[in-house]
Amino acid sequence: MTVKMTPSGSATDLIPLAAHRRILHGDLGGKILLGLMAALIVVVPILNLAVPSDSPMHISTYAVTLMGRYLCFALLALSLDLVWGYCGILSLGHGAFFALGGYAMGMYLMRQIGDRGVYGDPVLPDFMVFLGWEELPWYWLGFDQFWFAALMVLAVPGTLGFVFGWLAFRSRVTGVYLSIISQAMTYALMLAFFRNEMGFGGNNGLTDFKDILGFSISAPSTRVALFVASALALALSYLICRAIVRSRLGRVVTAVRDAEPRTRSIGYRTDRYKVWVWTVSAMLAGLAGALYVPQVGIINPSEFSPLNSIEAVVWVAVGGRGTLFGAALGGALVNYAQTLLTAWLAELWLFVLGGLFVAVTLFFPRGLVGLLRRREGS
Amino acid sequence: MQWLDDTRAFMRRDQVFDIVRPVASSGRVDTRHGPILYLEDVTVSFDGFRALDALTLYIDDGELRCIIGPNGAGKSTMMDVITGRTRPDNGGAWFGQRLDLLRMDETEIAQAGIGRKFQKPTVFPRHRVVENLELAMAGPRGVWSALTARLDRSTRERIDEVLEEIGLADQGRALAGQLSHGQKQWLEIGMLLMQNPRVLLVDEPVAGMTHQEMDRTAELLTRLAGRHSVVVVEHDMEFVRSIARKVTVLHQGSVLAEGSMEEVQSDPRVIEVYLGE
């Protein structure tokens, strides 16, 4: 990027006045992303609900849901980019926050089933009746209320993120060691959630959802509403991340990424900054998971699988680390590619994904965004 | 009979209990008695090697002090003790009369007003020069205040002023990583100035500089003394001669000689260990 030199203007003009002023200034990618979300929010509902299904312009409900899932993955990638791209913390466990947000939403959806379950118990979900439980565990209380579940979607991943970050960053665990313990965290949670005694449906997880906020979860209009909610969440989260990155806090955090001891020596408590960004990122990942679960109709412990977290890292790397919109792009595109490829070469997908990561690391370390920028520059 | 000794030591109260003493690491820097930094009997050992051996050193408020000494004399360790990176085995370190540096951590010390320039220039390479200065600026360091921070007019003027002072007014927009070695050193001094510290610890400011750059650095440092106390650790004798008013020679972790450059240079012990080489 070239900077226009104006002899009279002071160089301090380059520092944003405040985080919220002209938030998209000079952010072409962000403008495109937000424009795209706005277009999708308007066009997709029309093409799905208003255009008759025999028209070539019609978008099937299946496709709407699929796109909604891509947006959730884009949001997960965005949250990961905030910590990895800007703060240099490579998390190999962000899937845990995603899954926890998903479980919080899943618990709400389970309680919405009411007496329509197989066993017809008005309060207990099917798996609890099956296990012979008499009453609801305390941590399931309140999840019949949407507002409570929505709060937990942010609070549970946020609390885990805060505690994990507090312990890890205060002890100055960095680099590879942090990546490994974040991976261990998600693996431990996976093993825990597999156990029936945990009260989260064990192996099978939570499924057979009936409705959300009183609307049937399989109705096309509900699907479209979920899609729109995902697009809005992505756009809003993008703006939040962008505001963070543009604030002085964002500049401190990037300074931590590039030279942490130096940042400490000029008087910043770098661990607090890291905990803060990490917690925000965990909450965004939880939000992504919460939007994902009603669209796929199931949440089970395999969402905690370390592989999922590693995949998310690949999305960010492919899209372009440290650009926010690039990460979102990567999250959506790589998953689209996966949908296409698994249709014919299901068993090859993991090799393709691995190859993609190696290729990105070796040949275009700045990801797709870097590739586009280079072309633009030349 | 260990317990008896312990009991006697406990009973013999010709001093007050530690818990009754006022907390030392609070309040403002008190320099009414002259010195701003007190190092007394500071001893640091690493695996049996004594990097500092009962070092006692006082720095006056507003003075420019040069510290010289051969490799391994303990110069950098001394700076580590002052900035809270290394805890001494023994001795005391005070900032003014009231602030006990040994009870404060690195960030608290930096916030209290001791700034340090490292031997190897470390700027934030992917931030612009102005952003480097902005980050170093004195002020609240909390997470929330950083999130809502605004850049007001007086801050901008202060940044411009420092840019001018360190001679980088034309480079404000450049990424700090693209500056030359000498410019990075100046930017670091500029960052120190933005912190507005009472004491500047400057570790080898002219290493790797050209003669012209050296002259400018000398001029910059002498200009800063008075408003700040400046402690310069340097190897380059010519440079020390050009700025020094008072020189301290360290040798094997303690002070060998102290005085003006002429006095120090004529001291036979100094000649033996250092200048005579």
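Kindly establish whether A:PHE193 is under 30 Å from A:TRP276 (Cα atoms), out of contact with any Asp or Glu (no Cβ under 9 Å at 6 or more places or on another chain), modelled with pLDDT of 95 or more and not small (Gly, Ala, Ser).
no
Of all residues in segment B:198-215, which are surrounded by fewer than 23 Cβ atoms within 10 Å (Cβ to Cβ) and not aliphatic (A, V, I, L, M)?
Listed by number, the residues that qualify are B:ARG198, B:ASP203, B:GLU204, B:GLY208, B:THR210, B:HIS211, B:GLN212, B:GLU213, B:ASP215.
Restricting to segment B:177-194, name every residue that is surrounded by fewer than 24 Cβ atoms within 10 Å (Cβ to Cβ) and among the polar types (S, T, N, Q).
Of everything in segment B:177-194, those that are surrounded by fewer than 24 Cβ atoms within 10 Å (Cβ to Cβ) and among the polar types (S, T, N, Q) turn out to be B:GLN178, B:SER180, B:GLN183.
Kindly list the number of the only condition in (1) buried (at least 24 other Cβ atoms within 10 Å of the Cβ); (2) within 29 Å of A:LEU356 (Cβ to Cβ) that fails for A:ILE266.
Of the numbered conditions (1) buried (at least 24 other Cβ atoms within 10 Å of the Cβ); (2) within 29 Å of A:LEU356 (Cβ to Cβ), the odd one out for A:ILE266 is (2).
Quick check on this structure: which one of A:ILE240, A:ILE244 is touching a Gly at 6+ places or on another chain (Cβ under 8 Å) and either closer than 25 Å to B:THR148 by Cβ or in a loop (DSSP other than H, G, I, E, B) (or both)?
Just one listed residue meets the conditions, A:ILE244.
Can you tell me which residues in segment A:211-239 are within 18 Å of A:LEU76 (Cβ to Cβ) and without any contact (Cβ under 8 Å) to a residue 40 or more places away in the chain?
Across segment A:211-239, the qualifying residue is only A:LEU236.
What number of residues in segment A:170-197 are in a loop (DSSP other than H, G, I, E, B) and without any contact (Cβ under 8 Å) to a residue 12 or more places away in the chain?
Qualifying residue count for the region: 3.
When segment B:151-176 is examined, which residues are found to be at the interface with chain A (Cβ under 8 Å from one of its Cβ atoms) and of a type in the set (D, E, K, R)?
B:ARG156, B:ASP160, B:ARG173
Is it the case, given these coordinates, that B:ARG173 is buried (at least 17 other Cβ atoms within 10 Å of the Cβ) and farther than 29 Å from B:LEU57 by Cβ?
Answer is yes for this residue.
Looking at B:THR122, B:THR107, B:THR148, which one is surrounded by fewer than 16 Cβ atoms within 10 Å (Cβ to Cβ) and within 11 Å of chain A (Cβ to nearest Cβ)?
Only one candidate passes the filter, namely B:THR148.
What do you reckon, is B:LEU179 among the aliphatic types (A, V, I, L, M), out of contact with any strand residue (DSSP E or B) (no Cβ under 9 Å at 6 or more places or on another chain) and more than 7 Å from chain A (Cβ to nearest Cβ)?
So B:LEU179 passes the test.
Can you list residue pairs whose Cβ atoms sit under 8 Å apart, with the first residue in segment B:195-213 being closer than 23 Å to B:GLU131 by Cβ and at pLDDT 85 or above and the second being part of a strand (DSSP E or B) and among the hydroxyl-bearing types (Ser, Thr, Tyr)? Count only pairs 6 or more apart in sequence or on different chains.
B:LEU200/B:SER229
Among the residues of segment A:246-268, which ones are of a type in the set (Val, Ile, Thr) and either more than 7 Å from chain B (Cβ to nearest Cβ) or on the phi > 0 side of the Ramachandran plot (or both)?
Listed by number, the residues that qualify are A:VAL253, A:VAL256, A:THR263.
Could you please let me know if A:PHE200 is more than 14 Å from every other protein chain (Cβ to nearest Cβ), more than 30 Å from B:SER145 (Cα to Cα) and outside any helix (DSSP H, G or I)?
Judged against the criteria, A:PHE200 is a match.
Taking the options B:ILE68, B:ILE36, name whichever one is within 21 Å of B:ARG269 (Cβ to Cβ) and β-branched (Val, Ile, Thr).
B:ILE68
From the list B:GLU219, B:GLU258, B:GLU262, B:GLU234, pick out the single residue that is within 17 Å of the chain's Cα centre (by Cα) and not aliphatic (A, V, I, L, M).
B:GLU234
Within segment A:354-378, can you find the residues that are assigned to a helix (DSSP H, G or I) and among the hydroxyl-bearing types (Ser, Thr, Tyr)?
Scanning segment A:354-378 gives a single hit, A:THR361.
Output the number of residues of segment B:127-141 satisfying the condition of being at pLDDT 90 or above and over 18 Å from A:ARG242 (Cβ atoms).
8
Among residues belonging to segment A:220-236 that are touching a Ser or Thr at 6+ places or on another chain (Cβ under 9 Å) and not β-branched (Val, Ile, Thr), point out the one that is surrounded by the fewest Cβ atoms within 10 Å (Cβ to Cβ).
It comes out as A:PRO220.
So which residues in segment B:80-104 are more than 10 Å from chain A (Cβ to nearest Cβ), of a type outside the set (D, E, K, R) and in a loop (DSSP other than H, G, I, E, B)?
B:THR86, B:PRO88, B:GLY96, B:GLN97, B:MET104
Could we say that B:ALA138 is surrounded by 21 or more Cβ atoms within 10 Å (Cβ to Cβ) and either hydrophobic (A, V, I, L, M, F, W, C) or more than 7 Å from chain A (Cβ to nearest Cβ) (or both) here?
no
Check off (1) part of a loop (DSSP other than H, G, I, E, B); (2) more than 14 Å from chain A (Cβ to nearest Cβ); (3) over 19 Å from B:LEU250 (Cβ atoms) for B:ASN71 and give me the number that stays unchecked.
Answer for B:ASN71: the failing condition is (3).
Please verify whether A:PHE73 is aromatic (Phe, Trp, Tyr), in contact (Cβ under 8 Å) with a residue 12 or more places away in the chain and closer than 15 Å to A:GLN295 by Cα, treating the condition exactly as stated.
yes
The values are calculated or read from the model by the stated rules, or taken from the named source; none is laboratory data. Keep in mind the model is a prediction, meaning the values are calculated, not measured. Ideal geometry is used to build each Cβ from the backbone, glycine not excepted, and the neighbour counts take in all protein chains shown.
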